[in-house]
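Coordinate-derived values only; no laboratory data. This structure is a prediction, so every number in the text was calculated from the model and none was measured. As a convention, Cβ positions derive from the backbone with ideal geometry for all residues, glycine included, and neighbour counts pool all protein chains shown.
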Amino acid sequence: MSHGQRTPMPHGLSDLRAGGDVEARPDAFDAGAGRGVPTWLAATLNYCSRCGAALRLGTLPAEDRDRLACDACGYIAYVNPRLVVTTLPVNDAGEVFLLRRGIEPGRGLWAQPGGFMEIDETVHEGAIRETLEETGLVVEPGEVVGLYTRPEAAIVVIAFVARIVGGAPMVTPEALEVRPFAPEAIPWPELAFRSSEWALRDWVRRVRPDLAQDSR
Ligand SMILES: [Zn+2]
């Protein structure tokens with residue numbers, strides 16, 4: 001394979017190039033301006049992962065939207081969202097554990113534990129693993145509180161309500177603080193992500209419907 005002359009952004013999206021990483025620029029994709037691949041993600045999709053030739057954005061037979069494809073080998077680079085597995089760990093007092101994020105995106109703000117699902121695990125395994133890594137809590141995921149799409153970040157977030165069955169809250173470089181919040185004490189203005197707000201609102205609606213009117 002020869003890389004030869006690498007022309008940046010051969011599929012013609014260079015004017016939209018955003019740079020940065022996954023969630024650091026959550027507003028890079030303007031849903032109101034039309035659908036498509038978020039600009040930060042398009043910026044990473046220049047070459048065919050099979051043969052190294054340039055990818056080109058265009059129409060293909062039997063495809064209902066423009067696709068990034070390789071003219072050299074015919075490979076189609078489909079772009080799909082990834083799944084983020086999260087939990088709302090609830091203690092016996094009915095409080096939910098959140099963590100104050102130590103890293104970007106959302107450094108210093110509160111979120112539920114979670115992360116990208118690995119390719120060789122189930123959603124439950126991923127939710128348990130991420131919760132333990134980020135909070136020190138061992139949980140048993142229960143019902144799904146909700147499933148949330150964030151197209152600007154190319155993710156789908158699943159949130160399980162979870163029972164705490166072991167472990168102990170633990171501070172790490174990723175979590176500056178780990179503490180429980182009663183439903184009426186959720187730090188709404190200090191949440192890191194829209195999906196955190198959506199999941200917590202759906203949880204509050206379940207456990208404290210009297211608090212569920214728009215509390216913002
Ligand atoms: Zn190719």
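Which residues, counting only those in the range 110-166, are of a type in the set (Lys, Arg) and either part of a helix (DSSP H, G or I) or surrounded by 19 or more Cβ atoms within 10 Å (Cβ to Cβ) (or both)? Let's see the steps before the verdict.
Going residue by residue through the range 110-166, those that are of a type in the set (Lys, Arg) are 129, 150, 163.
Of everything in the range 110-166, those that are of a type in the set (Lys, Arg) and either part of a helix (DSSP H, G or I) or surrounded by 19 or more Cβ atoms within 10 Å (Cβ to Cβ) (or both) turn out to be Arg129, Arg150.
Check the range 95-112 and report whether any residue there is closer than 30 Å to Glu63 by Cβ, hydrophobic (A, V, I, L, M, F, W, C), touching a residue at least 60 places away in the same chain (Cβ under 8 Å) and out of contact with any Asp or Glu (no Cβ under 8 Å at 6 or more places or on another chain).
Kept after step one, since they are closer than 30 Å to Glu63 by Cβ, are these residues of the range 95-112: none.
Within the range 95-112, none of the residues are closer than 30 Å to Glu63 by Cβ, hydrophobic (A, V, I, L, M, F, W, C), touching a residue at least 60 places away in the same chain (Cβ under 8 Å) and out of contact with any Asp or Glu (no Cβ under 8 Å at 6 or more places or on another chain).
If I go through the range 31-90 residue by residue, how many of them are surrounded by fewer than 19 Cβ atoms within 10 Å (Cβ to Cβ) and part of a loop (DSSP other than H, G, I, E, B)?
28
Counting only residues that are of a type in the set (D, E, K, R) and in a strand (DSSP E or B), which one in the range 91-109 is farthest from the ligand (Cβ to nearest atom)? Reasoning before the result, please.
Step one: filter the range 91-109 for residues of a type in the set (D, E, K, R), giving 92, 95, 100-101, 104, 107.
Narrowing the set further to residues that are in a strand (DSSP E or B) leaves 100-101.
Numbers: Arg100: 44, Arg101: 38 Å.
Ranking the candidates gives Arg100 first.
Give Leu57, Leu83 a once-over and let me know the one that is under 30 Å from Arg206 (Cα atoms) and either touching a residue at least 24 places away in the same chain (Cβ under 8 Å) or more than 14 Å from the ligand (Cβ to nearest atom) (or both).
Working: Leu57 fails: under 30 Å from Arg206 (Cα atoms).
Of the residues listed, the single one that is under 30 Å from Arg206 (Cα atoms) and either touching a residue at least 24 places away in the same chain (Cβ under 8 Å) or more than 14 Å from the ligand (Cβ to nearest atom) (or both) is Leu83.
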